[in-house]
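The values are calculated or read from the model by the stated rules, or taken from the named source; none is laboratory data. Since we're looking at a predicted model, the values are computed, not measured. Every residue, glycine among them, receives a Cβ derived from its backbone with ideal geometry; neighbour counts consider all protein chains shown.
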Amino acid sequence: MAINQVTDTNFTDETSKGLVLADFWATWCGPCKMMAPVLEEVDSELSDKLKIVKLDVDENQATASKYGVMSIPTLFLFKDGEIVDKVVGFQPKEALAERIKQHIG
């Protein structure tokens, strides 16, 4: 499954069902750019169990503010609309995949 860009408008709908990893990022953020290929790899390995969405914090400040995002990248893991995990900063693929797998039924 491809990684979708989401906005303030559709964020709640996109994270309300199943296991969803939401990446709060910005185009100017170096560590966010480093996260992108990691997310692609995680998506290719876990796409049958996990949906990944990306929210540009510069263009969607209401959602970033709602979740108290102070630094980026910030990754939230939602399960049926509820936050079950949060990671701030760059994560290597193995560490991120391990955290996600803890929440896969």
### Summary
Given (1) in a helix (DSSP H, G or I); (2) in contact (Cβ under 8 Å) with a residue 40 or more places away in the chain; (3) not small (Gly, Ala, Ser), residue 55 misses just (1)
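Here is a check on your reading of the model: is residue 2 among the aliphatic types (A, V, I, L, M) and modelled with pLDDT under 95? Working first, answer last.
Numbers: among the aliphatic types (A, V, I, L, M): yes; modelled with pLDDT under 95: yes.
Answer is yes for this residue.
Does residue 36 meet the test of being in contact with a helix residue (DSSP H, G or I) (Cβ under 9 Å, 6 or more places away or on another chain), modelled with pLDDT of 95 or more and of a type outside the set (Phe, Trp, Tyr)? Write out each step before concluding.
On the way: in contact with a helix residue (DSSP H, G or I) (Cβ under 9 Å, 6 or more places away or on another chain): no; modelled with pLDDT of 95 or more: yes; of a type outside the set (Phe, Trp, Tyr): yes.
In short, no.
Could you tell me which of the residues 71, 47 is modelled with pLDDT under 95 and of a type in the set (S, T, N, Q)?
Details: 71 fails: modelled with pLDDT under 95.
47 is the lone residue from the list that is modelled with pLDDT under 95 and of a type in the set (S, T, N, Q).
Of the residues 27, 12, which single one is over 11 Å from the mean Cα position of the chain (by Cα), closer than 16 Å to residue 84 by Cα and at pLDDT 95 or above? It would help to see each step written out before you state the result.
On the way: 27 fails: closer than 16 Å to residue 84 by Cα.
Testing whether each residue is over 11 Å from the mean Cα position of the chain (by Cα), closer than 16 Å to residue 84 by Cα and at pLDDT 95 or above leaves just 12.
Tell me, yes or no, whether the range 71-79 has at least one residue that is charged (D, E, K, R) and touching a residue at least 24 places away in the same chain (Cβ under 8 Å).
Our first condition is that a residue be charged (D, E, K, R); within the range 71-79, this holds for 79.
If we keep only those that are touching a residue at least 24 places away in the same chain (Cβ under 8 Å) as well, we get 79.
Within the range 71-79, one or more residues are charged (D, E, K, R) and touching a residue at least 24 places away in the same chain (Cβ under 8 Å).
With the requirement that a residue be among the charged types (D, E, K, R) and not in a helix (DSSP H, G or I), what does the range 28-52 give you?
Filtering the range 28-52 down to residues among the charged types (D, E, K, R) leaves 33, 40-41, 43, 45, 48-49, 51.
Residues satisfying the conditions are 48, 49, 51.
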